[in-house]
Every structure is written in C-alpha cells, then in structure tokens.
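The values are calculated or read from the model by the stated rules, or taken from the named source; none is laboratory data. Computed from a prediction, not measured in an experiment: that's the story for all the values here. In this analysis, Cβ positions are derived from the backbone assuming ideal geometry, glycine residues included, and neighbour counts consider all displayed protein chains. Keep in mind that these areas ignore ligands, DNA and RNA; they rest on the heavy atoms of the full protein, side chains included. Shrake-Rupley method; radii C 1.70, N 1.55, O 1.52, S 1.80 Å.
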There are 2 protein chains.
Amino acid sequence: MPKMWDEIHEQPAVLERCIHNTGLIKEIAGQLQSQDIHLVYIAARGTSDHAAVFAKYLIEYLLGIPVALAAASIFTVYHRNLNFAKALVIGISQSGEAADVLEVIQNANQTGAITISITNAPDSPLAVAARFHLYCNAGPEASVAATKTFTSQMFILAQLVAEWAGQRNVPTNLKAALMKVPEKVAATLELSQDIHHKVERYLLMNECFMLSRGINYAIAMEAALKIQEATYVRAQAFASSDFQHGPIAMLDRNIPVMVFASVGPALKDIHEIITILKKNQVELIVVSNNREMLAQGSCGFAIPAMEDDLVSPFFNVVVAQMFACQLALIKGLDPDHPRGLHKVTITL
Amino acid sequence: MPKMWDEIHEQPAVLERCIHNTGLIKEIAGQLQSQDIHLVYIAARGTSDHAAVFAKYLIEYLLGIPVALAAASIFTVYHRNLNFAKALVIGISQSGEAADVLEVIQNANQTGAITISITNAPDSPLAVAARFHLYCNAGPEASVAATKTFTSQMFILAQLVAEWAGQRNVPTNLKAALMKVPEKVAATLELSQDIHHKVERYLLMNECFMLSRGINYAIAMEAALKIQEATYVRAQAFASSDFQHGPIAMLDRNIPVMVFASVGPALKDIHEIITILKKNQVELIVVSNNREMLAQGSCGFAIPAMEDDLVSPFFNVVVAQMFACQLALIKGLDPDHPRGLHKVTITL
C-alpha cells in the first residue's frame, strides 16, 4: 500500500499525542483571554488553508470574533502591510517553509499583533518567526497528499479555540468531544474494506462535486483537493448554499456528487440539496451518521455518532482520504507522487 | 441575440451613470475617515461574492484594513452574532432579496457597526436594512447570468475605496483610472467579432480552468461562474499560487486554461504559470494587454492598456462575459435561462 494509506492510518495515534500536548495551548489561550481581540487573520495554502476554513467557522461560532483568510498576494505581490491592531494572526504550513505565509507572520509581528504558527517542522522558518509555535508532532509525512498533518492542524486549532472560549456561553462541549476524536477516527478507519469495495463503481469517474455546509464546507474543499491530487479527477467543492447561486447549472447525471451530511445544525439545508440532487437523478455518495441521509445515496459511508457535530470534520475527512487513495489505486496511479507536485511548495 | 448579450453591451452606459452618482459615496467616505475602522466584513453570494473578493483586494491594498468574507451560515445556521466593534459591514445582492446577506446586515446593525448595502433594487429588504444604501442603477437585469450589475457593484466599491483612501499614501491614482473605465469597456466590447470567431475552437469543451493572481483572482472566479451558468462547462478558478499547491496535478492537454495576464504587479507570477502551462502543452487562452503574454496563447484576447492595473478586472470580465455568452450560443444553449436556476436565489 502507498505511504498515503499508512499515514491515513497513523491518525488515531497522532491525534492521541495532540491530546497530551496542551500546556502551551493553555498558556496561549490565557494570553488571548486577557486581550481584546477584534479579528483573527489566518494565512495558509492548499490543505493547510482548509484547516484555516475549519478554524474560521469554529472561531466565529464559539468566540464571535470575525475571521479573515489571508490573500497572501497583498503582502508578497502588492507589498502592503495591514493594520493588525487587536488582531491574532495565525500561519499554517506543514513544512513551515511557505514563504508567503512567513511574510504575513513577519509583517504581523511588526505591527504588534499576537502571532501563532502551526507546523510539523519545529526548526522551520515559520516555526521560528511566530511569537508562539504549535507543533503538529505528526511524524514525517512522506506522501505528497497531506493527511495526518491536516487532522493534527485541525485538532490543535480546535483545542486552542476550546481553551480560549473556556466556559463563557459556549453552546457546545467541544473539549469533551475532542477527547473522543482519536478513538472515533480509529472506528472510521474500519470503513477501509467498505470503501475498497465501493470505489470500483467510480473507476471511470473524471469529474465530481463535493458538497456540504457550515463547518464541513472545509471538508468538502479538502476532499476535493485530495481527489484532485491523488486521482487527477476534476473535483469541485461548494457550500450547498453557494452551489445554488449558479454552479448547480452544471449538474449532470454522469458527474457523481459526494455530500457530507452529518447530524447537526446544517443538516436541514444539506437534506434540501440532497432532495434536489435526487430529483436530478445524479449519482450520489453520502457520508453521514444519519440513517435517512445514508439511504438516499447510491453509495453511503457511515461515520460514527457524536455529541457535537463540530468534530464531524475529522471523520468525514478520513473517509475522503481513504476514498481518494483507493480511487487512485484502482485507476493505477501512485497517490504518493502526483504528477506536477512536490511535497514542499513555495509560492510568493 | 440573448438578453445577456444586450446587457453586456449596456455596461459603458451603466458605468458612465455610476461616475455621476458620487454624492452619497463621498458622504460615506467622510464618515469612514472619521472613524477608526479595524475590519471590513462583506456578505454576498454568487456573482456578488466575486465583487466582494475584488473589494477585499482593493481595501487591503489601498487602505491596509483587513477584510473578511462572511460565512453566512454562522448567522443563519449556527445563529451566532459576531463582535463587529470598529467594523464596516457590507452586504451585496443584485436583487436585495438575499435573506442570508440581510441577516448579516441586521446582526451588524445591532452591534453598532456601520452597514452599507449595494443592490440594484432600492426598495428591497437589504437596501432598506443597511444604514447606507448604494444603488447600482443598472436598469432591470433580465438574464439570469448577471453582467452589468456585477461591473456596477465593482465600480461602486472602487469609488468608495478611492474616496475613503483619499490622498493618504495611495500608491495609485484609482480615481483617475476609474473615470476612463466606461470608455475602455466600450473599447473592449469591440472584441465581440473576434470572440465570435475564436469561440468555435471550444465548441466541444466540457471543462476548463481559469487562472489569475492578485486583483484578477476575483475575475477568474467570475469568469468560471459565467461559463458554468451559461454553458454548463465545468470551469474551475484558481489563484495561480493556490493552483500550484495541489490542483495543478489535474492539468491535462484536453482541458483548456484561460489566463488573465494584465500588466501590473502580479504579471511576473502569472508569466511563471504560463510557462508551466506551455511546458505541459495545454490549450491556452490568454486575456492580456501585454503582447508577449498574448503571443503565448493558442488564442488571445487583447484588452486596453491602462495606467493602473486595479481597473483591469473591468476589461477582463467583459471578455469573459462575451466568451461565455458566445460559447453558449454555439453550443445551442440559452444563456438567459440556464437549467436549474432562477434570477433571484434566496438561501438561508
């Protein structure tokens, strides 16, 4: 099996390590609580950028603080620094080598913002540049397609938000839910045989759409990227709400749609889009912990039940990672070495 | 010809009207200058969301104020209000009926933020809800695919930023450049015969990629949406920097790539991606005002020269609109009535 497959299966152990590494997170959360933070600004690329989207939803929902995702070219192409008064600026990069993310952090340091980097390389330029560095500690990631570093980035971000939010008015018990994530990721990995069998149906797929809403929009995006990288299939991700503002015209019976439909506040809207998809007779792949939703799909993957749907992205993405890896294998491709890509990409 | 075609050609007149309607914009800019704005938060969907992306780049570049794009589901699905202290909140919707955008504006009003709506319907709920309403005055837009309302939204946003920035440290003369936009849009429309002839080459296209960087990332996204809506071709847009972080694995000789390569700070990076595309022998469509870039394409569309590339999105998008409309026609489709879409889409 490819390294990607092995690294997907390391995730319960990697996330278990994250649970026991909360000292610095508590210290940072304490500092953030003592400040009047008006804005969180996050810089990242590719898979790391999808961890940033996950964080945007978590922070806005649990802390009520607006989150902006960086357009790095403002710094690297237009050479403008921003006013980061009362801002927390976060840079995320697996390798810690992302030159554009580094530039955002360096600029933010100059304006006195609190800066945090999240990397899997504690000696990297980005790890060194930020005021605080949170280490993924995921072990070396050999496959070009990032998997375990993504879930560890999400886990660290969720821990930080949970600590920062503390007890104040949080409509959820994210901290308790996070404790159970490693064991439920392990349970999700038991779908591997199921995925192996069902993926054959998609051998000749050239295109697909990935839909969700709310916190799992980040996972629709990450699922699309994994499929693009590992299989070259042209996967497009949309929030189901955005999909209805134009892209829905592309619906075609020959283009499968994968929908992430976890039980939670967004399920009503996702159910609506599933109804539209069924009416259009598209080939529907459902990833869900709701029996009714699963029954709608030509193909369904059952993720665990959970108390708080804010952790559903961990299980949804594990399904997407396995699906992308298995699809690459039956298509005769090597997911560890996609054409045109290297493990570390530096853009300015 | 379809209504979309007529409405594309109304744009010089619509933008000319915008030039003479700056009274309220000056008043708002004066108020913004007197405040200490730390954040701009913009809510919009579909085409209007691409005007928001354009505004993000303009505001960050010319004013140095961070801009966040709304995840509307925070308000409508998770029922959370954000802390908008020292924020300007903008809602953009052609019809002014977008219920999710309205909810963001209503929430922002409650927290004391300055709110602005931009619509083409002065009696609409969104127009009424915001503290200030900026009217596109584009005339009725009958085609489902928005064209003239998009360029008028961009024009109004650019006017607002130019007035707000005033004389302080602006590395550009955006105001003077905007005055010439209507006449240069008219010049761009003279490409219609050229586009009509060249589009035949793409009769059988099912997929394409749209790339750019910096301010024209918004136009890559809008070009993709126009092609999706009018022709059902699966168009995907990327910032060239993001493209290199994974999606580039999808490159295929049979999938054309349209690149917006205007002279300006981002051209160096765009040139780099063009070099990679040429090496991969992809079918390349170049929209540019640089002779060298145009010569790289199997097909090139020449937009006008300009003093400030911040206005290049107006000319690039007009080319994309005409291309999408003409491609729909040779494919035997009706761009005014795409399948599965209505003019006003309300999502919550």
>> Report the Cα centroid-to-centroid distance between segment B:247-295 and segment A:167-220 in angstrom, as an integer.
In response: 35
>> What does the copy distance list look like for B:E307, label position 7 Å along Cα→Cβ, in nm and ordered from shortest?
In response: 6.4
> Can you give the Rg and Dmax of segment A:20-98 based on its C-alpha atoms, in angstrom?
Replying inline: 13.5, 42
>> Treating the point 7 Å from Cα along Cα-beta-carbon as the label, what are the nm separations from B:T111 to the other copies, to one decimal?
In response: 1.8
> What relative contact order, as a whole-number percentage, does segment B:266-348 give when Cα pairs under 8 Å and 6 or more residues apart are counted?
Replying inline: 16
> In peptide A:78-85, what is the residue-averaged number of other protein chain Cβ atoms found within 10 Å of each Cβ?
Replying inline: 6
> For B:K26, which aspartates and glutamates qualify as cross-link partners when the Cα separation must be under 20 Å and same-chain residues fewer than eight apart are set aside?
Replying inline: B:E16, B:D36, B:E60, B:E163
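Could you grab the relative contact order for chain A? Cα pairs under 8 Å, six or more apart, rounded to a whole percent. All intermediate terms of the calculation are to be shown ahead of the outcome.
Values: 671 pairs, mean separation 68.9, N = 348.
Once normalised by length, the contact order is 20 percent.
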>> What are the ³J(HN,Hα) couplings of segment A:42-49, residue after residue, when phi is run through the Karplus curve with 6.51, -1.76, 1.60 and θ = phi - 60°? Round to Hz, x for glycine and proline.
In response: 10, 10, 5, 10, x, 4, 4, 5
>> Treating chain A as a set of equal point scatterers at the Cα positions, no solvent, please give the Debye-formula log₁₀ I(q)/I(0) at q = 0.10, 0.15 Å⁻¹.
In response: -0.57, -1.30
>> Among B:N290, B:I303, B:A162, which residue has its Cα furthest toward the positive end of the charge dipole of segment B:154-311, with +1 on Lys/Arg Cβ and -1 on Asp/Glu Cβ?
In response: B:N290
>> At a 10 angstrom cut-off on C-beta neighbours, averaged per residue, how do the peptides B:198-206, A:35-43 rank from highest to lowest?
In response: A:35-43, B:198-206
> In straight Cα distance, which aspartates and glutamates are under 15 Å from B:K343, not counting same-chain residues fewer than 8 positions off?
Replying inline: A:D242, B:E7, B:E97, B:E141, B:E229, B:D334
> When the Cα centres of segment B:109-165 and segment A:100-161 are compared, how far apart do they sit, in Å?
Replying inline: 38
> When all C-alpha to C-alpha distances in segment A:190-348 are sorted into bins of 5 Å, what percent of pairs does each bin hold, rounded to whole numbers?
Replying inline: 2, 9, 19, 24, 20, 14, 7, 3, 1, 0
> Once Lys and Arg get +1 and Asp and Glu get -1 on their Cβ, which of B:P125, B:G96, B:I74 lies farthest toward the positive end of the dipole of segment B:35-142?
Replying inline: B:I74
>> So for segment B:170-252, considering every pair of alpha-carbon atoms, how many percent are separated by more than 20 Å?
In response: 52
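Which value, in debye to the nearest 20, describes the size of the charge dipole of segment B:200-254 about its Cα centre when Lys and Arg Cβ atoms bear +1, Asp and Glu Cβ atoms bear -1, and nothing else is charged?
Roughly 100 debye, rounded to the nearest 20.
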> Magnitude of the Cβ-charge dipole of the protein assembly as shown, K/R +1 and D/E -1, about the Cα centre, nearest 20 debye?
Replying inline: 120
> Can you pull the mean other chain C-beta count within 10 Å for peptide A:35-48?
Replying inline: 3
> Taking the Cα centre of the protein assembly as shown as the origin and placing charges on Cβ (Lys, Arg +1; Asp, Glu -1), which of A:T347, A:H197, B:I19 is farthest toward the positive end of the dipole?
Replying inline: B:I19
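Which peptide among B:220-231, B:289-300 comes first, and what is the full order, when sorted by highest mean count of other Cβ atoms within 10 Å? Numbers along the way, then the final one.
On the way: B:220-231: 27.9, B:289-300: 16.5.
Most protected by this proxy first, the peptides run B:220-231, B:289-300.
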>> If Rh is defined by the Kirkwood formula over all Cα pairs and Rg also comes from Cα, what ratio Rg/Rh do you get for segment A:269-337?
In response: 1.03
> Given label points at 7 Å from Cα along Cα→Cβ, what nm distances, shortest first, separate B:N280 from the same residue in every other copy?
Replying inline: 2.6
> How many square angstrom of accessible surface are buried between A and B, both sides summed, with a 1.4 Å probe and rounding to 100?
Replying inline: 5600
>> Nothing charged except the Cβ atoms of Lys and Arg (+1) and of Asp and Glu (-1): what's the magnitude of the dipole of segment A:226-294 about its Cα centre? Round to the nearest 20 debye.
In response: 120
> Add -39500 (n - 2.57) for each DSSP H run of 4 or more in chain A, then divide by its residues: what number comes out at 222 nm, to the nearest 500 deg cm²/dmol?
Replying inline: -14000 deg cm²/dmol
> Averaged across the residues of B:55-66, what count of C-beta atoms belonging to other chains lies within 10 Å of each residue's C-beta?
Replying inline: 5
> So how long is each side of segment A:85-214 along the principal axes, counting just the alpha-carbon atoms, biggest first, in Å?
Replying inline: 54, 38, 28
> Debye sum, Cα scatterers, the protein assembly as shown, no solvent: what log₁₀ I/I(0) at q = 0.06, 0.08 1/Å?
Replying inline: -0.30, -0.55
